[in-house]
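Shown next, in structure tokens, is the structure this report addresses.
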Amino acid sequence: MLVRVMPRKSRSCSLSDIRTSMYFFNVNSSGRILNRFAKDIRTVDTDVPHTLLDCIAFAIDISGVLIIVAIANYWLLVPAAFIVAFLFLFRYIYVNTSRSVKRIESITRSPIYSLTNQTFQGLSTIRALQAESALDSEFHDYMNGNTCAWFLFISCTRAFALWSDFLCVLYIAAVTFSFLVLHNQFNSGDVGLAILHSMTMIGMCQWGMRQTAELENDMTSVERILEYTQQPPEPPLDTEPSKKPKGEWPSEGRIEFVDLKLRYSPKDSYVLKGLNFVIAPREKIGIVGRTGAGKSSIIQSLFRLACNEGAILVDGVDIESLGLHDLRSKISIIPQDPVLFSGTLRYNLDPMEERSDAEVWKALEDVELRAHVSTLIGGIACRMYDGGANFSVGQRQLVCLARAILRNNKILILDEATANVDPETDKLIQKTIRTKFAECTVLTIAHRLHTVMDSDRVLVMDAGQMVELGHPYELLQRPHGFLRQLAEHTGVAMTNLLMNAAEQSYEQKKKDL
């Protein structure tokens, strides 16, 4: 039964975490999750079955000893009852203490996993900044905390063993002296058998009671794993056949927000508060605002990464009626931190192998990476390290841009995509977006205001609400407008540059009309 149940629970834990919401990963560090999948699952898979079998063996052995002693002298059941009562009293104290200490030990282990994982990911930065000593000191602090908790747990175990031995010695003394007092009523064979089996109780009681306590402590790991198996899942991946949009969807890229509210969990406060606006097909929208204004939350609402209230209509279809796979596969995004996987460059560009090699090379040419990739061993079949470590930050961003070109979706989202790249790469990305995504609806979240000055309209967010929406030139003309205030915080010279760029874009659009 255990062989069948334990792997099933481990698999259930893995599937539940894969299908849970993004909020779960925001509030739980990678170290805490690794701790559950490493130490706790190992405990459930290996320790719990062995400990349970040991407890069963202990119950059988101790019952046999007590029966043999009772046959030799049934009066010895009286001290045996007292000894068992005291053993369970000590066990109760030990379990309550050790369980809390074990939980502390598990909690102090999670930061070690997190720090180790983060260190491996940032080795190049750590070496460049010569921060080895700081991280070494931080690692030792975490290790000291975990070691203290582990030492306290071992101390509790040894204290429990000492008192168990003391009680067993008292019982052996009671057995021995009872036969000395009543030596005429028993034969030597019964006496020897009773004393011999009583002496085996020293090791048996210490081992058996400790195993029963360990089993209860190991249930902490079972409890922690069950907590992960009960995480609320995301909505279904696939759309119900009756709700699938007809034809090619989306065909235009029109997005309508209807009284949209968003919060990251049912217990949290709203981060988006009643957004109402429409983005026309092929419109280029810039989204700006101070930190925490709710810019990125708009993107999360489009991908349904949080709890949406209200409605978002894409080409007239409410995205709440769609499966997550059908929705997310139709929206391209270039994030601030490019996401690349271990494997070939081609796999990163076209993981589903829906495009030909010629189309992949053409996409690389569009982002001016073809010449660089041609020099690599294997070309588009070259190996990429984890996270694309063998490419620069700008090149990784261009790879993501090429991937978006290959997807050819009607909606593109730029989540501060040019925040960490040099000005030349920024210009290249902006030029590619203007040419390759001219027929697409583009939403650009930006910290640098100049990146949205040529947008058709700019949406200004503040405290989760839309405070301004219009062409950047028109918004900058408002003396006390929010966009004007954001521009003035960059300085007089930059404000003038932004005004000139917005005016040129405004005049150009008037000519195009």
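The values are calculated or read from the model by the stated rules, or taken from the named source; none is laboratory data. Only a predicted model underlies this, so the values are computations on that prediction, with no experimental measurement involved. Cβ coordinates were reconstructed from backbone atoms using ideal geometry, including for glycine residues, and neighbour counts include every protein chain displayed.
If you check every pair at least six apart or on different chains, which have Cβ atoms under 8 Å apart with a residue in the stretch 105-129 that is touching a residue at least 12 places away in the same chain (Cβ under 8 Å) first and a residue that is of a type in the set (Val, Ile, Thr) second?
Pairs that qualify, where the first residue is touching a residue at least 12 places away in the same chain (Cβ under 8 Å) and the partner is of a type in the set (Val, Ile, Thr), are 106/220; 119/126.
List every residue pair whose Cβ atoms lie under 6 Å apart, where the two residues are 6 or more positions apart in sequence or sit on different chains, the first residue falls within the stretch 211-239 and is on the phi > 0 side of the Ramachandran plot, and the second residue, located anywhere, is in a helix (DSSP H, G or I) and exposed (fewer than 15 other Cβ atoms within 10 Å of the Cβ).
none
Answer with yes or no whether residue 219 is surrounded by 15 or more Cβ atoms within 10 Å (Cβ to Cβ), in contact with a helix residue (DSSP H, G or I) (Cβ under 7 Å, 6 or more places away or on another chain) and at pLDDT 75 or above.
No; evaluated as a whole, the condition is false for this residue.
Determine whether the stretch 228-239 contains at least one residue that is exposed (fewer than 15 other Cβ atoms within 10 Å of the Cβ), in a loop (DSSP other than H, G, I, E, B), at pLDDT 80 or above and in contact with a helix residue (DSSP H, G or I) (Cβ under 7 Å, 6 or more places away or on another chain).
Yes.
Go through the stretch 224-267 residue by residue and tally those that are of a type in the set (Gly, Ala, Ser) and in contact with a strand residue (DSSP E or B) (Cβ under 9 Å, 6 or more places away or on another chain).
2
With respect to residue 446, determine if the residue is touching a residue at least 60 places away in the same chain (Cβ under 8 Å) and out of contact with any helix residue (DSSP H, G or I) (no Cβ under 9 Å at 6 or more places or on another chain).
Taking the combined requirement at face value, the residue does not satisfy it.
Within the stretch 97-113, is even one residue over 30 Å from residue 211 (Cα atoms) and either part of a helix (DSSP H, G or I) or under 21 Å from the mean Cα position of the chain (by Cα) (or both)?
no
Could you run through the stretch 330-353 and say how many residues are in a loop (DSSP other than H, G, I, E, B) and in contact (Cβ under 8 Å) with a residue 24 or more places away in the chain?
Result for the stretch 330-353: 10.
Could you say which residue among 458, 467 is under 18 Å from residue 283 (Cα atoms) and either more than 31 Å from the chain's Cα centre (by Cα) or not basic (Lys, Arg) (or both)?
That would be 458, the only listed residue that is under 18 Å from residue 283 (Cα atoms) and either more than 31 Å from the chain's Cα centre (by Cα) or not basic (Lys, Arg) (or both).
Yes or no: the stretch 159-181 includes at least one residue that is surrounded by 14 or more Cβ atoms within 10 Å (Cβ to Cβ), in the same structural domain as residue 65 (by TED's automatic domain parsing), touching a Leu at 6+ places or on another chain (Cβ under 8 Å) and free of Cβ contacts under 8 Å to residues at least 60 places away in the same chain.
No: zero hits.
Evaluate the following for residue 332: is it small (Gly, Ala, Ser) and modelled with pLDDT of 85 or more?
Answer is yes for this residue.
Is the stretch 58-72 home to any residue that is of a type in the set (D, E, K, R), surrounded by fewer than 18 Cβ atoms within 10 Å (Cβ to Cβ) and in the same structural domain as residue 145 (by TED's automatic domain parsing)?
Within the stretch 58-72 (the criterion being of a type in the set (D, E, K, R), surrounded by fewer than 18 Cβ atoms within 10 Å (Cβ to Cβ) and in the same structural domain as residue 145 (by TED's automatic domain parsing)), the answer is yes, since at least one residue qualifies.
Give me the pairs, please: first residue somewhere in the stretch 386-413 and assigned by TED's automatic domain parsing to the domain that holds residue 332 and under 20 Å from residue 455 (Cα atoms), second residue anywhere and of a type in the set (Asp, Glu) and assigned to a helix (DSSP H, G or I), beta-carbon distance under 6 Å, and either six or more positions apart or on two chains.
405/366
Among 277, 257, which is under 25 Å from residue 328 (Cβ atoms) and surrounded by 17 or more Cβ atoms within 10 Å (Cβ to Cβ)?
Going through 277, 257 in turn, just one is under 25 Å from residue 328 (Cβ atoms) and surrounded by 17 or more Cβ atoms within 10 Å (Cβ to Cβ): 257.
Quick check on residue 270: is it closer than 24 Å to residue 320 by Cβ and aromatic (Phe, Trp, Tyr)?
Yes, satisfied.
Suppose the filter is touching a residue at least 40 places away in the same chain (Cβ under 8 Å), in the same structural domain as residue 503 (by TED's automatic domain parsing) and in a loop (DSSP other than H, G, I, E, B); does residue 368 pass it?
Answer is no for this residue.
Residue under question is residue 268, and the condition is that it be in a loop (DSSP other than H, G, I, E, B) and either farther than 21 Å from residue 333 by Cα or aromatic (Phe, Trp, Tyr) (or both); does it hold?
Considered against the rule, which asks whether it is in a loop (DSSP other than H, G, I, E, B) and either farther than 21 Å from residue 333 by Cα or aromatic (Phe, Trp, Tyr) (or both), residue 268 comes out as yes.
Scan the stretch 320-329 and tell me whether some residue there is closer than 26 Å to residue 452 by Cα, modelled with pLDDT of 85 or more and touching a strand residue (DSSP E or B) at 6+ places or on another chain (Cβ under 6 Å).
For the stretch 320-329, residues closer than 26 Å to residue 452 by Cα, modelled with pLDDT of 85 or more and touching a strand residue (DSSP E or B) at 6+ places or on another chain (Cβ under 6 Å): absent.
Considering only the stretch 335-350, how many residues are touching a strand residue (DSSP E or B) at 6+ places or on another chain (Cβ under 9 Å) and modelled with pLDDT of 85 or more?
So the answer is 4.
Out of all the residues in the stretch 285-337, which are polar (S, T, N, Q) and under 27 Å from residue 248 (Cβ atoms)?
300, 301, 308, 321, 329, 332
Determine if the stretch 263-274 includes at least one residue that is surrounded by 17 or more Cβ atoms within 10 Å (Cβ to Cβ) and among the polar types (S, T, N, Q).
There is no residue in the stretch 263-274 that is surrounded by 17 or more Cβ atoms within 10 Å (Cβ to Cβ) and among the polar types (S, T, N, Q).
Mind checking which residues of the stretch 18-37 are of a type in the set (Lys, Arg) and either crowded, with 17+ Cβ neighbours inside 10 Å or in contact with a Ser or Thr (Cβ under 7 Å, 6 or more places away or on another chain) (or both)?
32, 36
In the stretch 399-434, which residue that is among the polar types (S, T, N, Q) and touching a helix residue (DSSP H, G or I) at 6+ places or on another chain (Cβ under 8 Å) is modelled with the highest pLDDT?
Among them, the one singled out is 432.
Can you tell me which residue among 501, 438, 404 is small (Gly, Ala, Ser) and in contact with a Leu (Cβ under 8 Å, 6 or more places away or on another chain)?
404 is the lone residue from the list that is small (Gly, Ala, Ser) and in contact with a Leu (Cβ under 8 Å, 6 or more places away or on another chain).
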